[in-house]
Amino acid sequence: MAARSRFGPYEHHSEPLLPRRMFYRRLWRHAFLTAAVVLASLALGVLGYHGLEDMPWIDALLNASMILGGMGPVDTLHSDAGKLFASGYALYSGLMVLISAGILIAPVAHRIMHRMHLATEEDEEAAEKRGRLPTRKKSAQSTSDR
């Protein structure tokens, strides 16, 4: 794939900005990865509630969905194993929300930072062509001359 480099799935700051079409493809890949993480987490919760609390499948799905969505359980839990599972699943669900948000935000944040870095390099190159030092180097040089 053209977007992959020796630095992983994202471009290195020395590489050009990814074309918009490939960037949208990257966004879709991240969206599908997020959906897979959420569905796997939901399946874990459904299996846990069904297996440990003997809930019908639809009730297990409802409880797992509500906890994964941050709303809390719907049904009262009766077994100690079910309560321990619900506690661990609630903590796990909170982490999965943060991880999912990170997966979705990563390509956009990378593109913004990459574009800002490219603009900085272009500004420095233009200043060097005009015979002027960039402000960072100029201030560092002037302080060393004192």
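Residue-wise HN-Hα couplings along the range 71-78, as the Karplus relation 6.51 cos²θ - 1.76 cosθ + 1.60 with θ = phi - 60° gives them from phi, are 8, x, x, 9, 8, 6, 8, 10 Hz; Gly and Pro carry x. Taking the inverse of the mean 1/r over every pair of distinct Cα atoms in the range 26-128 gives a Kirkwood hydrodynamic radius of 15.9 Å.
Working from label points 7 Å from Cα in the Cα-to-Cβ sense, the MET116 to ASP59 distance is 5.1 nm. Rounded to 0.05, the FRET efficiency of the ARG21 and ALA101 pair, given R0 = 22 Å and the Cβ-Cβ distance, is 0.30.
What's the FRET efficiency of HIS78 with ALA43 using the Cβ-Cβ distance as r and R₀ = 30 Å, to the nearest 0.05?
On the way: r = 23 Å, r/R0 = 0.75.
With a Förster radius of 30 Å, E is 0.85.
Each value in this text was obtained by applying a stated rule to the coordinates, not by laboratory testing. All of these numbers come straight from a predicted model, not from anything done at the bench. A quick note on method: Cβ atoms are made from the backbone with ideal geometry, for glycine too, and the neighbour counts reach across all protein chains shown.
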